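Working notes, structure below.
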Amino acid sequence: MFRADLLEGKRILITGGGTGLGKAMGRRYLELGAELFICGRREEVLAETAKEHRAATGGRVDFAACDIRDPEAVERMIEAGFAVGPIDILVNNAAGNFLAKAEDVSHRALDAVIGIVLHGAAYCTLACGKRWIASGRRGVVLSIVTTYAWTGSGYVLPSAMAKAGVLAMTQSLAVEWGPKGIRTVAIAPGPFPTEGAWSRLAPRPDMARELETRNPLGRPGEHIELANLAAFLVSDEAGYINGDVVTIDGGEWLKGAGQFSWAGRLTEAEWRAMRPKKK
Ligand code: HXC
Ligand code: NAP
């Protein structure tokens, strides 16, 4: 689908790049010629992913353990990343989430999720942006949000609040930093099964199945489908896309929003019975 040198010469930081979708995007970026810098809290997970990536692609992968809720730790991590070579692209992918009734969410639980998703993404974005602006470099920030960033969602209140904030950051900076050669874009994924998300958000097998298949295409997304979109959006080929969010969910949220989407469950006999009788 892409030229093998699409991302040649690009150095890409992926937060939460050791697992799940961050790992899938990282593999695709390496295949397309990029250098990778990944961070997350668990050093052993990052080391294992870096090893697998190098073995599979022969590409350069650096990593640093960092809790992105800590702004000083983020500064140190990004300083170390730039010291190896200027970062060209930031992917705000790290997240925290869990299914809980809002009335059961403690202030520490709220802070844990908003700290990772909103504050962490903002710290990383500002740390990269300041360096790009100071040195007159171009840059791209890709943030992974969710389809409920616009609509909100029951039972994931902290995540919904935080993802809405990341969407606002994407749109605000597109206008403010566009003139400085920095693009900010986002992806809103539908269901892409990962251990991290499914272990926290799909408490029963039937719920996991429903989450994966209720969209009009009747299947979950494949990681490579998201990784290809993420490669296009950060590449120079997407140079005129700024401040927008691309949804990749098989049509899931539209189906949920359409007032009569449930009518797909009617039987043929029921459809026939509703037709006007021939005179
Ligand atoms: C209620 C919970 C909870 C739960 C944790 N807490 N899990 N409250 N229900 N299920 C509370 C704890 O009791 C504690 O509050 C507070 O949250 C902090 O918990 P810790 O375990 O100390 O925090 P920490 O170790 O920092 O872990 C952060 C985390 C955890 C967010 C809670 O889940 C995590 O590390 N997640 C990272 C990976 C992840 O979530 N991936 C999924 C992303 S999927 P008290 O008051 O008791 O001290 C996604 C999109 C999904 O974002 C869309 C799918 C279609
Ligand atoms: P995941 O595997 O759990 O990824 C989350 C990553 O974030 C982990 O690598 C985790 O590593 C890292 N992380 C969490 N807290 C961190 C912190 N404080 N500091 C640094 N890193 C931290 O889940 P995923 O499904 O791949 O999710 C990736 C992204 O896609 C998230 O933004 C998520 O909201 C979004 N998304 C996913 C889906 C889906 O269907 N999977 C749908 C919509 C949106 P450590 O635990 O080692 O820190």
Open item on the list: Out of GLY129, GLY136, GLY96, GLY152, I need the residue that is at positive phi, under 20 Å from the mean Cα position of the chain (by Cα) and at pLDDT 95 or above. Which one?
Closed with: GLY152
Open item on the list: Filter the range 59-80 down to the residues that are of a type outside the set (A, V, I, L, M, F, W, C) and either at pLDDT below 95 or out of contact with any Asp or Glu (no Cβ under 7 Å at 6 or more places or on another chain) (or both) and list them by number.
Closed with: ASP62, ASP67, ARG69, ASP70, PRO71, GLU72, GLU75, ARG76, GLU79
TODO: Sort out which residues of the range 107-128 are under 28 Å from GLY139 (Cα atoms) and of a type outside the set (Gly, Ala, Ser), and write them in order of number.
DONE: VAL113, ILE114, ILE116, VAL117, LEU118, HIS119, TYR123, CYS124, THR125, LEU126, CYS128
Open item on the list: Let me spell it out: the conditions are (1) crowded, with 16+ Cβ neighbours inside 10 Å; (2) more than 9 Å from ligand 1 (Cβ to nearest atom); (3) in a helix (DSSP H, G or I), and LEU142 meets all of them except one. Which number is the exception?
Closed with: (3)
Task: Residue identified as surrounded by fewer than 23 Cβ atoms within 10 Å (Cβ to Cβ) and of a type outside the set (S, T, N, Q) among ALA121, ALA100, ALA95 - done: ALA100
TODO: Please state which of the following conditions ILE14 fails to meet, knowing it meets all the rest: (1) buried (at least 21 other Cβ atoms within 10 Å of the Cβ); (2) assigned to a helix (DSSP H, G or I); (3) within 16 Å of ligand 1 (Cβ to nearest atom).
DONE: (2)
Task: the range 1-49, residues that are more than 18 Å from the chain's Cα centre (by Cα), within 13 Å of ligand 2 (Cβ to nearest atom) and either closer than 21 Å to ARG138 by Cβ or without any contact (Cβ under 8 Å) to a residue 24 or more places away in the chain (or both) - done: GLU43, GLU44, ALA47
Open item on the list: Given the options ALA208, ALA202, ALA197, ALA174, name the one that is within 30 Å of ARG137 (Cβ to Cβ) and not hydroxyl-bearing (Ser, Thr, Tyr).
Closed with: ALA174
TODO: Evaluate the following for LEU157: is it near ligand 1 (Cβ under 10 Å from one of its atoms) and either more than 26 Å from TRP177 (Cβ to Cβ) or of a type outside the set (A, V, I, L, M) (or both)?
DONE: no
Task: All strands (runs of 3 or more DSSP E) inside the range 34-125 with 3 or more residues being within 16 Å of ligand 1 (Cβ to nearest atom) - done: 35-40
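The values are calculated or read from the model by the stated rules, or taken from the named source; none is laboratory data. Not measured: the values here are computed from a predicted model. We place every Cβ from the backbone using ideal geometry, glycine too, and count neighbours over all the protein chains shown.
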